[in-house]
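Visitor: Below you will find the structure I want to go over with you.
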Amino acid sequence: MLILPDSTCLAQTSGQKSQMEKNIEAARIMIPQKQYEEALTLLSKVIRNNPNNYQAYLLRSQAKYGLQDYLGSMNDAQEILAERFKADSNSIFIAHHNIGTCYNNLGLYEKAITSLNLAKSLNSSDVSVHFSLSYSYMQLQVLDSAIVELDALLKLAPKDKRGYYGKGKVYIMKEKYQEAILEFDKAIDVDPNYVMAYQNRGEAKRLIGDNAGSCSDWQKCVELGLEDIKPYLKMVCQ
């Protein structure tokens, strides 16, 4: 997921808002509601009329990302880095992060790491950049670096279930199944309905020969609506 520019970054004027400001505010509301096409139309109109409005580029990058147009999303984010904009540091951070996230989705993980580290150099207290970096490192099998990023995330946000879940996934990849189970336990403590944590904890239990524990976790997945786990239940538990 990309980072949306904060509404406080948008230009404020006294008196009646211009049509441009109304379009930007409307797009900000549409994007979280997944009305990406509508937001894209409004933001493209803003950019046609005011090609130096870098907040519109940031928002349009988000809309294109939602439409899985990762190259288009990156192009808009890269516009923010152009000299003509003289964007504020937070917008530059968002641009680098968004570019890195798009590279992750395109499977270009080394490029993702470069962009995400640029983002981290601007704001190391943002949990999303650590999570995105951990994903890049996991895909490249650089597992110790993934753990470093997830630990940094959890130091900033001890109740972020993604950190524990990510560490559990890394430990499975490292074949440290007991450690993985402990991390999935923590993720489930944060969110008792975290279906993916149950699924992966069940797999870790299966790998240490605890079929009863595995079946219990996978049955919980079914109760939480994960139908895809049923074939594994039949194979392992019956």
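Visitor: State yes or no: is Leu71 in the same structural domain as Ala26 (by the TED database), over 22 Å from Leu156 (Cβ atoms), modelled with pLDDT of 95 or more and surrounded by fewer than 15 Cβ atoms within 10 Å (Cβ to Cβ)?
Guide: For Leu71, the condition - in the same structural domain as Ala26 (by the TED database), over 22 Å from Leu156 (Cβ atoms), modelled with pLDDT of 95 or more and surrounded by fewer than 15 Cβ atoms within 10 Å (Cβ to Cβ) - is met.
To keep it simple, each residue is scored yes or no on (1) modelled with pLDDT of 95 or more; (2) crowded, with 22+ Cβ neighbours inside 10 Å; (3) part of a helix (DSSP H, G or I); (4) among the hydrophobic types (A, V, I, L, M, F, W, C).
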| site | (1), (2), (3), (4) |
| --- | --- |
| Lys111 | yes, no, yes, no |
| Ser124 | yes, no, no, no |
| Glu149 | yes, yes, yes, no |
| Lys159 | yes, no, no, no |
| Ile172 | yes, no, yes, yes |
| Met196 | yes, no, yes, yes |
| Gly202 | yes, yes, yes, no |
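Visitor: Taking segment 75-92 as the region of interest, how many residues are over 19 Å from Leu122 (Cα atoms) and surrounded by fewer than 24 Cβ atoms within 10 Å (Cβ to Cβ)?
Guide: Final tally of qualifying residues: 2.
Visitor: Here is a check on your reading of the model: is Tyr135 assigned to a helix (DSSP H, G or I), assigned by the TED database to the domain that holds Phe93, at pLDDT 95 or above and aromatic (Phe, Trp, Tyr)?
Guide: yes
Visitor: Could you go through segment 38-52 and let me know if any residue there is of a type in the set (Asp, Glu), outside any loop (DSSP other than H, G, I, E, B) and buried (at least 17 other Cβ atoms within 10 Å of the Cβ).
Guide: Here is the first cut: in segment 38-52, the residues of a type in the set (Asp, Glu) are 38.
From what is left, the residues that are outside any loop (DSSP other than H, G, I, E, B) are 38.
Narrowing the set further to residues that are buried (at least 17 other Cβ atoms within 10 Å of the Cβ) leaves none.
No: zero hits.
Visitor: While we're here: Considering only residues that are more than 21 Å from Tyr165 (Cα to Cα) and buried (at least 16 other Cβ atoms within 10 Å of the Cβ), which ones fall in segment 204-235?
Guide: Matches in segment 204-235: Leu233 only.
Visitor: Just wondering, is there one or more residues in segment 93-107 that are at positive phi, out of contact with any strand residue (DSSP E or B) (no Cβ under 8 Å at 6 or more places or on another chain) and either crowded, with 22+ Cβ neighbours inside 10 Å or in the same structural domain as Gln35 (by the TED database) (or both)?
Guide: no
Visitor: Among (1) under 26 Å from Gln141 (Cβ atoms); (2) touching a Ser or Thr at 6+ places or on another chain (Cβ under 6 Å); (3) at pLDDT 90 or above, where does Leu2 come up short?
Guide: (3)
Visitor: Just give me the residues in segment 73-92 being in contact with a Cys (Cβ under 9 Å, 6 or more places away or on another chain) and either part of a helix (DSSP H, G or I) or free of Cβ contacts under 8 Å to residues at least 40 places away in the same chain (or both), in sequence order. I'd like the intermediate steps shown before the answer.
Guide: Step one: filter segment 73-92 for residues in contact with a Cys (Cβ under 9 Å, 6 or more places away or on another chain), giving 73-74, 77, 88, 90-91.
Selection gives Ser73, Met74, Ala77, Asn90, Ser91.
Visitor: Could I ask something else about it? Restricting to segment 69-88, name every residue that is closer than 13 Å to Ile99 by Cα and not charged (D, E, K, R).
Guide: Tyr70, Leu71, Gly72, Ser73, Met74, Asn75, Ala77, Gln78, Ile80, Leu81
The values are calculated or read from the model by the stated rules, or taken from the named source; none is laboratory data. Please read these numbers as outputs of a predicted model, since none were measured by experiment. Cβ sites come from the backbone with ideal geometry, for glycine too, and all protein chains shown count toward neighbours.
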